[in-house]
1. To the nearest µm²/s, what D does Stokes-Einstein give for region 91-203 at 25 °C and 0.890 mPa s, using the Kirkwood radius over alpha carbon pairs as Rh?
2. Convert 4 °C to kelvin, take the viscosity as 1.567 mPa s, use the Kirkwood radius over C-alpha pairs of region 345-503 as Rh, and evaluate the Stokes-Einstein diffusion coefficient in µm²/s, rounded to a whole number.
3. Using the count of nearby Cβ atoms within 10 Å as a rough guide to exposure, how do Phe165, Phe176, Phe352, Phe344 rank from fewest to most?
4. Once you place label points 7 Å from the Cα toward the Cβ at Ser472 and Arg353, how far apart are they in nm?
5. Would you kindly calculate the translational diffusion coefficient of region 248-374, applying Stokes-Einstein with the Kirkwood radius from alpha carbon pairs, for 20 °C and a viscosity of 1.002 mPa s, and quote it in µm² s⁻¹ without decimals?
6. Exposure proxy check: Ser424, Ser199 ranked by fewest other beta carbons within 10 Å?
7. Percent of alpha carbon pairs in region 167-277 separated by more than 21 Å?
8. May I ask you to order 310-323, 244-257, 391-404 by the average number of other C-beta atoms within 10 Å around their residues, highest value first?
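Read the figures in this text as sums done on the coordinates, not as results from a lab. Since we're looking at a predicted model, the values are computed, not measured. In this analysis, Cβ positions are derived from the backbone assuming ideal geometry, glycine residues included, and neighbour counts consider all displayed protein chains.
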Amino acid sequence: MMDWKVMPRVSLFTATVLVAVVLFFAFFAVNSGFAQETPQQENPPQDNMPQDNRGPAPAPPKPAGRDYHPFGDDEDISQAPSTLTPDTVPLTGVLVPGVGTQEMRHSYWVPGFQYGNFIRSTGLNQPARTGSDWNSTSFVAGNLSLLENWSRSSLTVNYSGGGTFSTDKMQGNGYFHQLALVQAFTWERWQMSFIDQFSYLPQTQFGFGAASALASPGVGGSLGPAAPGLQTSYQPSQSIFAALGSRYSNSATTQLTYLVSPRGSVTFAGSYGLLRFVEPGNIDSNDTIFSAGYNYALTKNDTIGVLYRFSDYRYLGEPQAIGDHVAQVAYGRKVTGRLALQLFIGPEVTTFRLQTAGFSNQTSVAGGGSLTYGFSRSHVSVSYNHGVSGGSGLFTGSNGDTLQGSVDRQLSRLWHGSISFGYSRNSSLASGSTALSSPTFNSWFAGAGLDRPLGRTANFSIGYSAYIQSNSQAVCPVGVCSSDLQHQISLSFQWHTRPLVLR
């Protein structure tokens with residue numbers, strides 16, 4: 001491996017700028033074509049009620065965006081037809097709704113291999129160094145994706161894990177793992193889901209691997225079975241870059257939905273999450289969350305709901321504990337293959353075990369939403385959440401705003417482009433003079449990438465990302481800290497076998 005520490009600073013900075021410019025213009029060169037797309041004709045979509053109670057379903061539309069046939073040996077994989085299964089995620093549940101999932105004719109599993117490299121400037125809020133500020137971190141991993149379908153249940157697994165090798169002495173060598181698992185059951189009136197999301201990473205999961213294949217677990221592409229992700233409120237918060245060092249996070253969630261009438265359903269969910277840091281100086285936390293909601297389908301496209309959620313935050317080695325109560329009204333709209341919209345807002349009451357040092361019971365507003373929109377060759381996804389969170393390893397609870405989004409587009413038959421971005425703001429829950437002495441952190445990331453298949457079983461990607469951290473107070477002594485801007489160039493190669501059919 002090339003030692004990036006000895007490479008001249010000017011040449012690396014020039015390379016960074018050139019890669020950013022190339023990616024930017026390559027992605028937006030087709031913007032005029034994007035504007036001229038003709039929307040697909042919509043078929044009547046399905047609501048979020050169990051399929052057995054809907055009657056005969058209309059023929060589903062062709063999916064938006066890229067469409068790859070997972071088992072076509074003799075046909076052009078970029079042109080093979082497919083259909084979408086309507087999304088059945090309940091409005092008041094824990095999962096982010098989607099525009100539908102690609103139908104698969106078989107159950108299968110796919111193993112693979114992945115190599116990725118991040119070429120980065122000095123880490124955010126790390127001590128200044130002598131010589132070159134640039135470093136290189138390699139990720140060597142095995143990937144696995146599995147989809148198992150039964151008559152009334154399904155299992156989806158995406159996993160990536162392996163070793164990391166870095167020329168950054170502060171990071172060193174180590175391991176990383178990412179897992180997303182969903183086991184879902186559907187009966188005549190019941191739906192039950194078990195969801196687990198786990199990660200062990202050398203840095204925060206917020207913005208990790210932006211504009212690269214390392215951002216998500218599994219083999220990716222059309223063979224990586226799509227599974228809805230947890231909403232921000234049900235994940236241990238990691239949205240502050242200043243919380244340094246390796247950490248592992250896990251969220252185990254169970255959700256149950258019961259159809260009480262042809263239009264109405266109730267949803268119950270329970271979640272347990274944890275966030276642990278390897279390096280000292282950060283705050284480890286646990287969270288326990290319970291929620292209950294009622295969903296009512298106004299039409300086959302539109303749903304309204306009411307939701308109550310209780311979150312309990314505990315901190316290892318800290319006497320403080322937080323209880324957070326949220327009551328919200330919600331609205332959702334789904335058009336299969338085209339649109340998935342979710343909005344929610346309501347009052348939030350936060351209580352503290354120790355009401356000292358500026359901490360006292362408080363009332364505020366919590367809300368947010370998510371939007372996914374599909375064009376014929378593009379997808380746009382945006383999510384926003386405002387409310388109390390666990391503190392991201394630096395606070396015993398924080399008031400937080402989190403915005404994340406992505407845009408992807410098929411640029412040509414082979415080349416695919418993507419843009420991702422995120423912003424978070426975290427401040428202390430304390431009030432008065434204690435709040436004035438506590439820093440407020442603002443974190444941004446933005447990235448753009450290009451990828452293309454290499455035959456039927458391999459993929460190559462290149463990307464650029466920028467990470468910015470600002471805060472109301474200095475994290476390190478003046479003259480000791482590095483810049484609050486970090487550049488990252490990513491290169492990735494993925495290979496996987498043909499699908500191994502289970503049945």
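1. Details: Rh = 17.3 Å.
After rounding, the answer is 142 µm²/s.
2. Working: Rh = 19.3 Å.
Using the Kirkwood radius from Cα pairs, D works out to 67 µm²/s.
3. Details: Phe165 15, Phe176 22, Phe352 19, Phe344 25.
Fewest-to-most ranking of Phe165, Phe176, Phe352, Phe344: Phe165, Phe352, Phe176, Phe344.
4. 2.6 nm
5. On the way: Rh = 16.9 Å.
My calculation gives 127 µm²/s for D.
6. Details: Ser424 27, Ser199 22.
So the ranking, lowest neighbour count to highest, is Ser199, Ser424.
7. Values: 2892 of 6105 pairs.
Within region 167-277, distances greater than 21 Å cover 47 percent of Cα pairs.
8. Details: 310-323: 16.3, 244-257: 19.4, 391-404: 22.9.
With the highest mean Cβ count within 10 Å placed first, the list reads 391-404, 244-257, 310-323.
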